[in-house]
Amino acid sequence: MRPEIEAKLSLNPSLVTSVLTGFLRDEVTKVGFQKVVFGLSGGIDSALTAFLATEALGRDRVHAVLMPYRTSSRSSVEDALKVVEALQIPHTVIDITAPVDAYFAQVDRILGYEASALRRGNRMARERMVTLYDLSAAMNALVLGTSNKTELLLGYGTQFGDMASALNPIGDLYKCQVRQLAAHLGVPQSVLEKAPSADLWADQTDEKELGFTYDEADEILYQWVDLRMSPDEIVSRGYPERLVRGIVERVRRNQYKRRMPIIAKLSGRTIGLDFRYLRDWGT
């Protein structure tokens, strides 16, 4: 990453921690909840969410859920348990293998061919979110999201799967900023150093699947989104044109994942179009 961009993306970790923990306390309690629940994968994003939630609410008001699949890396579960141990927070382990395999056993037979890795990965992500929302109802706890700004912009996530949540404390942090804040808060070293992965199939890594590194994406996205530079301006600064335009196109193509479902307009006041109020309306 270029030094001038790295400097601009550098956080004041104490200030950011204060803002994000305040956000969690305020948003959770003002709608009548006292607890949160979230998926803990063993990756840095969910680990950071765990640390922030624990600092904001206290260890007795957060609940981590580990949801491995039979092909999940053993180290992912081990790293998730390191976070649980470091924070001394309650947790539950729920293996999602049986429901996912039962679904594909039926659907593969009906369709006459096996599901692709992408379809299986999407199903796993949605199975995990279904589990979290059921536990949310059982525990009277809000579901926290764990997607960072880079992933949300790129659409690198499953709609109504890992991209779903009631609150997301880290959605305005680029991946490089997630690393900074996680290191500041004391996330275990093995989590900080591991290659980012959704752990949806064996040897899967985010950067291998994306075709570029998170640092490359952060650098280009920051200049395009935050500094409002055009793709041509970014290319003129020496960035590969194919990479810049590929990232910009990926953000544009995945806009639908960042929007609430669009309702066809028939009446004078349509939800989401003319009937819109602040999030805090009525609370």
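Specify whether the C-alpha gyration tensor of the chain places it in the rounded, prolate or oblate class, a ≥ b ≥ c being the square roots of the eigenvalues: rounded for a/c under 1.5, otherwise prolate if a/b is larger than b/c and oblate if not.
rounded
Rank by packing, highest mean first: peptides 94-101, 73-80, 272-279, 118-125, with packing defined as the count of other Cβ atoms within 10 Å averaged across residues. List each step's numbers first, then the result.
Details: 94-101: 15.0, 73-80: 17.6, 272-279: 9.6, 118-125: 19.2.
Most protected by this proxy first, the peptides run 118-125, 73-80, 94-101, 272-279.
Suppose R0 equals 41 Å. What FRET efficiency, 1/(1 + (r/R0)^6) with r the Cβ-Cβ distance, do D172 and R109 give to the nearest 0.05?
For D172 and R109, the calculated efficiency is 0.40.
Let me see the P(r) profile for the range 136-181: every Cα-Cα distance counted, bins of 5 Å, each bin given as a percent of all pairs.
With a bin width of 5 Å, the distribution comes to 6, 22, 27, 22, 13, 7, 4, 0.
Quick one: give the max-minus-min coordinate of the C-alpha atoms of the range 91-185 along each principal axis, largest first, in Å.
49, 32, 20
Could you go through the range 252-268 in sequence order and give the Karplus-derived ³J(HN,Hα) for each residue, using 6.51 cos²θ - 1.76 cosθ + 1.60 with θ = phi - 60°, rounded to whole Hz, and x for Gly and Pro?
Each residue of the range 252-268 in turn: 4, 5, 9, 4, 4, 6, 9, 10, 5, x, 7, 9, 5, 7, 10, 9, x Hz.
For a test of understanding, tell me how many lysine pairs in the range 9-196 have Cα atoms under 20 Å apart, given they are 8 or more places apart or on different chains.
Total qualifying Lys-Lys pairs in the range 9-196 comes to 4.
Which one, F38, M139, I262, is farthest towards the positive end of the dipole of the chain when Lys and Arg carry +1 and Asp and Glu -1 on their Cβ?
The listed residue farthest towards the positive side: I262.
Relative contact order of the chain: what whole-number percent is it, with Cα pairs under 8 angstrom and at least 6 residues apart?
It rounds to 20 percent for the chain.
Ignoring everything except DSSP H segments at least 4 long, calculate the 222 nm mean residue ellipticity for the chain; use -39,500 (n - 2.57) per segment, divide by total residues, nearest 500.
Value at 222 nm, helices only: -15500 deg cm²/dmol.
Can you list the aspartates and glutamates whose alpha carbon is less than 17 Å from that of K265, not counting same-chain residues fewer than 8 positions off?
Cross-link targets: D274.
Set the Förster radius R0 to 22 Å, insert the Cβ-Cβ distance between D232 and K8 as r into 1/(1 + (r/R0)^6), and round the FRET efficiency to 0.05.
Computed FRET efficiency for D232 and K8 comes out at 0.60.
Tell me which residues come under 5 Å, amide H to amide H, from L40 once H is placed; ignore anything under 5 positions away on its chain.
Close amide H contacts, sequence-distant or interchain: V65, L66, M67.
Residue by residue through the range 208-223, which ³J(HN,Hα) values in whole Hz follow from phi under the Karplus form 6.51 cos²θ - 1.76 cosθ + 1.60 (θ = phi - 60°), with glycine and proline marked x?
5, 6, 6, x, 7, 8, 5, 4, 4, 5, 4, 4, 6, 5, 4, 5
Let me understand the range 153-283 better: what is its radius of gyration from the alpha carbons, and its Dmax, in angstrom?
18.1, 55
The numbers here are math on the coordinates, done by the rules we state, and not lab data. Computed from a prediction, not measured in an experiment: that's the story for all the values here. Glycine gets a Cβ as well: all are built from the backbone with ideal geometry, and neighbour counts include every protein chain shown.
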